[in-house]
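> Right, I'll just put the structure down here and ask away after.
The values are calculated or read from the model by the stated rules, or taken from the named source; none is laboratory data. The structure displayed is predicted, hence computed values, not measured ones. Don't worry about glycine lacking a Cβ; one is built from the backbone with ideal geometry, like all the others, and counts go over all protein chains shown. Accessible surface areas use protein heavy atoms only, side chains included; no ligands, DNA or RNA. Shrake-Rupley method; radii C 1.70, N 1.55, O 1.52, S 1.80 Å.
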Amino acid sequence: MAGAQGRCDGTHGQLRLETGVTGRAAKMGHRLTIAMQRWQAAVSWSGERPTAVTLTVEVDSLQVLRGDGGLTPLTAPEKSLIRTNVLKCLGAGRYGQIRFECDDIESAGDGYRLAGTLQIHGRSRPHVVEVRVRPPHQPSGSWRLDGDTVVRHSDFGVQRYSMLMGAMRVADEVTVTFTATVADDEIRGA
């Protein structure tokens with residue numbers, strides 16, 4: 001199976017962003033959960049070992065799922081406005097994709113440590129992602145993959161949305177979570 005290439009995408013799982021709120025008026029803001037609907041990962045293999053991963057996310061596929069906290073629950077029009085603001089902050093018209101490319105993969109406990117380059121808003125930075133893996137018990141089974149990582153707006157020149165003259169703003173750190181269930185032949189390119 002040397003040189004095999006597997007794939008998974010948004011039909012196999014979820015890629016979500018969790019934001020926080022900072023500032024003197026933070027209690028007024030919502031902690032957001034945002035789903036990235038269109039993403040694709042390619043995994044290169046050498047025998048039984050993954051050797052490279054490329055993840056591509058379509059920025060305009062984001063959907064605001066919910067907002068926790070705040071003074072009132074989020075309405076559908078507010079979710080739409082938030083989506084517009086996030087797309088503007090990310091420069092989606094100019095930078096339509098987020099990419100993570102990695103060819104430095106090490107076994108780590110119950111998964112892998114992926115060290116590579118993350119590109120957001122036209123800027124690239126080194127980034128490490130820990131992915132937990134449960135391989136199938138039989139060849140025709142499915143792999144369960146999950147992981148999370150923290151990304152900072154400031155590392156990529158992304159302006160954080162703020163209101164009330166900066167008294168309430170999106171936190172610099174965003175937690176990215178990933179879960180997928182993928183058939184063995186898809187993820188390994190068999």
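> Can you give me the accessible area per residue for the chain, using a 1.4 Å probe, in Å²?
Spelled out: the 1.4 Å probe surface of the chain, per residue, equals 55 Å².
> Report the charge-dipole magnitude of the chain in Debye, nearest 20, computed about the Cα centre from +1 at each Lys and Arg Cβ and -1 at each Asp and Glu Cβ. List each step's numbers first, then the result.
Values: 23 positive and 21 negative charges, 172 e Å.
My answer is approximately 820 debye.
> Along the charge dipole of the chain, which of PRO77, THR175, ALA4 sits closest to the positive end, that is, farthest toward it, with unit charges on the beta carbon of Lys, Arg, Asp and Glu (+1, +1, -1, -1)?
PRO77
> Only four residue types carry charge here, +1 at the Cβ of Lys and Arg and -1 at the Cβ of Asp and Glu. Report the dipole size of the range 60-173 about the Cα centre in Debye, rounded to the nearest 20.
With only Lys, Arg, Asp and Glu charged at Cβ, the dipole is about 440 debye.
> I've got another one for you. In what sequence, largest accessible area first, do CYS8, CYS89 appear using a 1.4 Å probe?
Descending order: CYS89, CYS8.
> Just to confirm a number: summing +1 for Lys and Arg and -1 for Asp and Glu over residues other than LEU65 whose beta-carbon lies under 14 angstrom from that of LEU65, what do you get?
Numbers: positive: ARG16, ARG31, ARG66, LYS79, ARG83; negative: GLU18, ASP68, GLU78.
Computed value for this residue: +2.
> Okay, moving on. Just to make sure I understand: if all protein chains stay in place, what is the order of ARG66, ARG144 by accessible area at 1.4 Å, largest first?
Listed by decreasing accessible area, they come as ARG66, ARG144.
> Would you mind getting the Kirkwood hydrodynamic radius of the range 79-190 from its Cα pairs, rounded to one decimal in Å?
Numbers: mean 1/r = 0.0613 Å⁻¹.
It works out to 16.3 Å.
> Helix-only mean residue ellipticity at 222 nm, the chain, DSSP H runs n ≥ 4 weighted -39,500 (n - 2.57), per residue, nearest 500. What is it?
-3000 deg cm²/dmol
> Let me have the relative contact order for the range 1-136, percent, based on Cα pairs under 8 Å that are six or more residues apart.
This gives 19 percent for the range 1-136.
> How large is the accessible surface of GLU48 in square angstrom, using a 1.4 angstrom probe and rounding to the nearest 10?
Probe radius 1.4 Å; accessible area of GLU48 about 140 Å².
> Please compute the contact order of the range 69-117 in relative form: average sequence separation of alpha-carbon pairs under 8 Å and at least six residues apart, divided by the residue count, as a percent. All intermediate terms of the calculation are to be shown ahead of the outcome.
Values: 24 pairs, mean separation 11.3, N = 49.
Relative contact order, the range 69-117: 23 percent.
> Kindly identify the range 25-110 as rounded, prolate or oblate by the Cα gyration tensor criterion: order the square roots of the eigenvalues as a ≥ b ≥ c, call it rounded if a/c is under 1.5, otherwise compare a/b with b/c, prolate if a/b is larger, else oblate.
Prolate is the answer for the range 25-110, as a/c is 1.5 or above and a/b outweighs b/c.
> Taking all protein chains as present, what is the carbon and sulfur share of the accessible area of the range 1-88, in % to the nearest whole number, probe 1.4 Å?
53
> Once you keep just the Cα pairs under 8 angstrom separated by 6 or more residues, what percentage relative contact order results for the range 1-75?
The value is 35 percent.
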